[in-house]
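Asks: Below you'll find the structure I mean.
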There are 2 protein chains.
Amino acid sequence: MSTQAVTPQSVDFSAWYNEIVYKAGLCDLSPVRGCLIIKPYGYELWEAIKGGLDRRFKATGHQNAYFPLFIPESFLKREAEHVEGFSPELAVVTIAGGKELEEPLVVRPTSETIIMESFKNWIQSYRDLPLLINQWANVVRWELRTRPFLRTTEFLWQEGHTAHATFEEAEAETMQMLNVYADFAITDAAIPVVKGKKSDREKFAGALYTYTIEAMMGDKRALQSGTSHNLGQNFAKAFDIKFLDEANQLQNPWTTSWGLSTRMIGAIVMTHGDDKGLRLPPTVAPFQLVIVPIYKNDDEKSAVMEAVGRISQELLAANIRITVDKREGVSPGFKFNDWEMRGVPARLEIGPKDVANGTAALARRDVPGKEGKQFVPQEGIVARVQDLLKSIQANMLQQATVFRDANIHDVNSYDALKQVIEAGGWARGWWGGTGDDEARIKEETGATIRCFPFEQPGGNGVCFYSGAQAEQVALFARAY
Amino acid sequence: MSTQAVTPQSVDFSAWYNEIVYKAGLCDLSPVRGCLIIKPYGYELWEAIKGGLDRRFKATGHQNAYFPLFIPESFLKREAEHVEGFSPELAVVTIAGGKELEEPLVVRPTSETIIMESFKNWIQSYRDLPLLINQWANVVRWELRTRPFLRTTEFLWQEGHTAHATFEEAEAETMQMLNVYADFAITDAAIPVVKGKKSDREKFAGALYTYTIEAMMGDKRALQSGTSHNLGQNFAKAFDIKFLDEANQLQNPWTTSWGLSTRMIGAIVMTHGDDKGLRLPPTVAPFQLVIVPIYKNDDEKSAVMEAVGRISQELLAANIRITVDKREGVSPGFKFNDWEMRGVPARLEIGPKDVANGTAALARRDVPGKEGKQFVPQEGIVARVQDLLKSIQANMLQQATVFRDANIHDVNSYDALKQVIEAGGWARGWWGGTGDDEARIKEETGATIRCFPFEQPGGNGVCFYSGAQAEQVALFARAY
């Protein structure tokens, strides 16, 4: 942990991010190119994300399972678009047990193919459907340009894989899981994501439709934070999965997949962080509150620590996640900065005067300076902290929503889009262009269609780029 | 799920095991040689094991982190014994992103080397010690002969890695974590493991000492179920890890590592299972109780399901893990067999007469037939089920302990050992032999020293093999 100053966001957001993830103790560089070491503080955040999602997956009837890390090369080739999408990024095991393998094994970049091979065996009748499976796993994609949490050669994620009797059921599942992601992002991570559909150009390799949650980072770039794919019958056909329907006819089932990764850690950092460090939403924060005891000599210390011990017990008993900073030889000011860097939502300071008066100072990370600090009685501290954490959670979502909405601009011309993108922001406009048009816009502005948001103005319009009739608006932005 | 008969244990224990893990729905064959698919029921069991261990790791001050899957080949070579032990089993990535790698990357068989490289950066002063890290991960060891859960090319595990200022502290940690494993095995998994020390011949590649928990399976073979290693300064020296001690002297820290894997699932199956299927200890069972509604027509059904719904709510509210078998077109007898195969500890049957009388039939998996079934009032069902689950948990541990103790035999001669091993059993005798003696005994009898148990008779004796003076007894057995 370090309290050295970081590059301010306004100077260089990217540098700020690259410094802060290390300084806050979330991760460390690894000796393996593009791989990341997730340090305990970062991993606790991941555990909170996992917990919030896993609970929601189980509540919607999904079961966890585990499939092999290695995929025979031939499997990947069965779905043509899929292999085309993933081939350039594969890591391949060619030697095992001291011998060259007859068929090379790919380290999974995603598990559709190996899981569909099992689904083929598990699905015979409509009674076996829906089949609702999720896997928590590591995957490997050999990316050339990597960035902590956002793009690493190995990353942790969950991948849901389901099979259904009809298109409608598969589509409903795809949408349900997108809503699960959005609910997690908004409720737990305080990130006001936009739900929408990907353009054909941006959809998953092998999917019919891809739905996404898109988040606006502090530099107004977009971050795709979770995707849910309706795979149609593409994979079922490629893997020859068939079931007898109620009319005793053989059918291919309809499958879906959906994934969310350690990238969500990056989303939390870049949505909420400021020049002082991380700001973690209380629901997912490893520590919701830090207690800093303040004293100058042994007499003061023993009185203060007695109060700290008593208050700690009360807070722990109420399942509030706390830590007490007992470090010696470090000033309270150093400790304040340190925990602000780590983004702990609330801080309780207890000194000799507080012991005498039965008070404490309670500071909130989301409101800087004196305005965010209040002096409170020790009595009733649990309820007060609970209220404060709720208030911080709500305020962080509110702040991020205001920021997002202030930076989405409607555009009626390509020039207007260029201006918005150049100034940093998301451009929303009627879209009736082609995939080639999208490619040209990306080349010229760096912006891509992030999604066709589910929230549409309604009616029709004229495409700001091609002048064609358009039935929906698209959101354009530069993205991570 | 199938209710076809399995090979009885008495006919062929190994065949019984190989059939039952699939029939009970724990796992499935994978298209990748030696890899296993862990199905939802098996994975839920693993989640219970993870939960029980993770809670204990955190209570003893450990933090989770995550390190790369890939290890540069050169890292493994730094600790001479370590690389010698693991080289024959490595899977190696030679191609990534379409190009041949300059330095091949090994898929981790265990993570001492990559983690020590981080410890080198994280440890500077005695204030950084102890460093207490755990990782939940997949690892790969290219085994030639594989068996579900017991030995697979890829498996899931946790690996703890810690660093300490002194030998004594490292030794205390090694022992603490062995005790954590033993407490989990005995308390949660109802497996009365024997704690002990490995012989030099059987210790971990690169360790000073290896401690183990050894379990007796239903065929009286031993299963090493968790190990804890005092690595001395071997890895710290190989990776040049140094810290300034309180006297401002540079020292190498003392490190430990300890691991427990999905092999524990095999241990639970083979300790408790019988010819009817699995028998799962209530503490780790995915479902602690199954409710089977019994009815012949729609009128009966609606009355029965009303009672089932009410009782389910009561049990769920008390955090009892239940499932209701609502399948239609399957007889109650079929369902009973099915859930016995899956090892659910308790079964509640509710039929029309029970609805009329306010009763239910409550059966326990650990006591077969009528003796294990009682008719109970619906009123007070929660307390009754809780008591029953406690009683089942205790009885399963008791049964396994009696079985274990009845099959450990003291031997005073090599002939006696041969007899015990041949008959199936563990032989305990004074041991003062060499590593070569151990190798010869293994070749001639198939038995190895499982451990020098911590529980020793005291005093000295004469080695049953070499006739040398011996200071401790060893436990010999054939092992998985």
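Asks: Just checking, how many residues over segment A:45-67 are surrounded by fewer than 16 Cβ atoms within 10 Å (Cβ to Cβ) and either among the β-branched types (Val, Ile, Thr) or farther than 16 Å from residue A:137 by Cα (or both)?
Replies: Residues in segment A:45-67 being surrounded by fewer than 16 Cβ atoms within 10 Å (Cβ to Cβ) and either among the β-branched types (Val, Ile, Thr) or farther than 16 Å from residue A:137 by Cα (or both): 5 in total.
Asks: Okay, next question. Check segment A:5-19 and report whether any residue there is charged (D, E, K, R) and modelled with pLDDT under 95.
Replies: To start, the set of residues in segment A:5-19 that are charged (D, E, K, R) comprises A:12, A:19.
Next, only the ones that are modelled with pLDDT under 95 stay: none.
Looking through segment A:5-19, none of the residues is charged (D, E, K, R) and modelled with pLDDT under 95.
Asks: Tally up the residues in segment A:45-67 that are over 30 Å from residue B:97 (Cβ atoms), under 19 Å from the mean Cα position of the chain (by Cα) and more than 11 Å from every other protein chain (Cβ to nearest Cβ), please.
Replies: 6
Asks: A further question follows. For segment A:372-480, which fully contained strands (runs of 3 or more DSSP E) count at least 3 residues that are of a type in the set (A, V, I, L, M) and within 30 Å of the chain's Cα centre (by Cα)? I'd like the intermediate steps shown before the answer.
Replies: Details: elements: A:373-377, A:408-410, A:426-431, A:448-453, A:472-477.
Those strands (runs of 3 or more DSSP E) span A:472-477.
Asks: Got a sec? Which of A:368, A:332, A:377 is at pLDDT below 95 and not assigned by TED's automatic domain parsing to the domain that holds residue A:43?
Replies: Working: A:332 fails: at pLDDT below 95; A:377 fails: at pLDDT below 95.
Residue meeting the stated conditions: A:368.
Asks: Another question, then. Are any residues in segment A:71-93 in contact with a strand residue (DSSP E or B) (Cβ under 7 Å, 6 or more places away or on another chain) and either touching a residue at least 24 places away in the same chain (Cβ under 8 Å) or not assigned by TED's automatic domain parsing to the domain that holds residue A:144 (or both), and if so, which ones? Spell out how you get there, then give the answer.
Replies: First pass over segment A:71-93, keeping only residues in contact with a strand residue (DSSP E or B) (Cβ under 7 Å, 6 or more places away or on another chain): A:71-74, A:76, A:90-93.
Answer for segment A:71-93, where residues must be in contact with a strand residue (DSSP E or B) (Cβ under 7 Å, 6 or more places away or on another chain) and either touching a residue at least 24 places away in the same chain (Cβ under 8 Å) or not assigned by TED's automatic domain parsing to the domain that holds residue A:144 (or both): A:71, A:72, A:73, A:74, A:76, A:90, A:91.
Asks: Which ones in segment A:275-292 are farther than 12 Å from residue A:340 by Cα and among the aliphatic types (A, V, I, L, M)?
Replies: If the condition is that a residue be farther than 12 Å from residue A:340 by Cα and among the aliphatic types (A, V, I, L, M), then A:284, A:285, A:291, A:292 are the ones that fit.
Asks: Something else about it: Taking the criterion of being within 13 Å of another protein chain (Cβ to nearest Cβ), assigned to a loop (DSSP other than H, G, I, E, B), buried (at least 23 other Cβ atoms within 10 Å of the Cβ) and within 13 Å of the chain's Cα centre (by Cα), would at least one residue in segment B:149-164 satisfy it?
Replies: yes
Asks: Go through B:138, B:121, B:134 for me and flag whichever is more than 22 Å from residue B:93 (Cβ to Cβ) and within 8 Å of chain A (Cβ to nearest Cβ). Show your work before the answer.
Replies: Working: B:138 fails: more than 22 Å from residue B:93 (Cβ to Cβ); B:134 fails: within 8 Å of chain A (Cβ to nearest Cβ).
Residue meeting the stated conditions: B:121.
Asks: In this structure, is residue B:139 assigned to a helix (DSSP H, G or I) and either more than 30 Å from residue B:87 (Cβ to Cβ) or aliphatic (A, V, I, L, M) (or both)? So that I can check it myself, show each step before the final result.
Replies: Details: assigned to a helix (DSSP H, G or I): no; either more than 30 Å from residue B:87 (Cβ to Cβ) or aliphatic (A, V, I, L, M) (or both): yes.
For residue B:139, the condition - assigned to a helix (DSSP H, G or I) and either more than 30 Å from residue B:87 (Cβ to Cβ) or aliphatic (A, V, I, L, M) (or both) - is not met.
Asks: Answer yes or no: is there a residue in segment B:16-24 that is touching a helix residue (DSSP H, G or I) at 6+ places or on another chain (Cβ under 7 Å) and among the charged types (D, E, K, R). Break it down stepwise before answering.
Replies: First, the residues of segment B:16-24 that are touching a helix residue (DSSP H, G or I) at 6+ places or on another chain (Cβ under 7 Å): B:17, B:20-21, B:23-24.
So of that shortlist, the ones also among the charged types (D, E, K, R) come out as B:23.
Within segment B:16-24 (the criterion being touching a helix residue (DSSP H, G or I) at 6+ places or on another chain (Cβ under 7 Å) and among the charged types (D, E, K, R)), the answer is yes, since at least one residue qualifies.
Asks: Restricting segment B:203-244 to residues that are at pLDDT below 95 and in contact with a His (Cβ under 6 Å, 6 or more places away or on another chain), which is surrounded by the most Cβ atoms within 10 Å (Cβ to Cβ)?
Replies: Among residues in segment B:203-244 that are at pLDDT below 95 and in contact with a His (Cβ under 6 Å, 6 or more places away or on another chain), the one surrounded by the most Cβ atoms within 10 Å (Cβ to Cβ) is B:207.
Asks: Can I ask one more? Starting from segment B:94-116, keep only residues that are under 20 Å from residue B:153 (Cα atoms) and facing chain A (nearest Cβ under 9 Å), then list their pairs with residues that are of a type in the set (Phe, Trp, Tyr) and part of a strand (DSSP E or B) whose Cβ atoms are within a distance under 6 Å, requiring at least 6 positions of separation or different chains.
Replies: What qualifies is B:105/B:70.
Asks: Output the number of the condition that residue A:42 fails; it satisfies all remaining conditions of (1) surrounded by fewer than 21 Cβ atoms within 10 Å (Cβ to Cβ); (2) within 14 Å of chain B (Cβ to nearest Cβ); (3) outside any loop (DSSP other than H, G, I, E, B).
Replies: Every listed condition holds for residue A:42 apart from (1).
Asks: In the list A:74, A:30, which residue meets the criterion of being within 11 Å of chain B (Cβ to nearest Cβ), at negative phi, within 23 Å of the chain's Cα centre (by Cα) and among the polar types (S, T, N, Q)? Reasoning before the result, please.
Replies: Numbers: A:74 fails: within 23 Å of the chain's Cα centre (by Cα).
After applying the criteria, what remains is A:30.
Asks: Could you go through segment A:172-183 and let me know if any residue there is under 30 Å from residue A:12 (Cα atoms), assigned to a helix (DSSP H, G or I) and among the aliphatic types (A, V, I, L, M).
Replies: yes
Asks: Related question: Quick one: in segment A:4-27, which of the residues that are among the polar types (S, T, N, Q) and part of a helix (DSSP H, G or I) is nearest to the other protein chains (Cβ to nearest Cβ)? Spell out the reasoning first.
Replies: Here is the first cut: in segment A:4-27, the residues among the polar types (S, T, N, Q) are A:4, A:7, A:9-10, A:14, A:18.
Remaining after also requiring part of a helix (DSSP H, G or I): A:14, A:18.
On the way: A:14: 23, A:18: 17 Å.
Checking each candidate, the answer is A:18.
Asks: So, one more: Pairs only if they're at least six apart or on different chains, beta carbon under 6 angstrom, first in segment B:30-54 and without any contact (Cβ under 8 Å) to a residue 12 or more places away in the chain, second of a type in the set (Ser, Thr, Tyr); list them, first residue then second.
Replies: B:37/A:118; B:37/B:30; B:43/A:66
Asks: Further, regarding this structure: Somewhere in segment A:342-362, is a residue assigned to a helix (DSSP H, G or I), out of contact with any Leu (no Cβ under 6 Å at 6 or more places or on another chain), exposed (fewer than 15 other Cβ atoms within 10 Å of the Cβ) and among the hydrophobic types (A, V, I, L, M, F, W, C)?
Replies: Filtering segment A:342-362 for residues assigned to a helix (DSSP H, G or I) gives A:352-357.
Narrowing the set further to residues that are out of contact with any Leu (no Cβ under 6 Å at 6 or more places or on another chain) leaves A:352-357.
Imposing the further condition that a residue be exposed (fewer than 15 other Cβ atoms within 10 Å of the Cβ) reduces the set to A:353, A:356-357.
Now restrict to residues that are among the hydrophobic types (A, V, I, L, M, F, W, C): A:356.
Yes, segment A:342-362 has at least one match.
The values are calculated or read from the model by the stated rules, or taken from the named source; none is laboratory data. The structure displayed is predicted, hence computed values, not measured ones. Cβ sites come from the backbone with ideal geometry, for glycine too, and all protein chains shown count toward neighbours.
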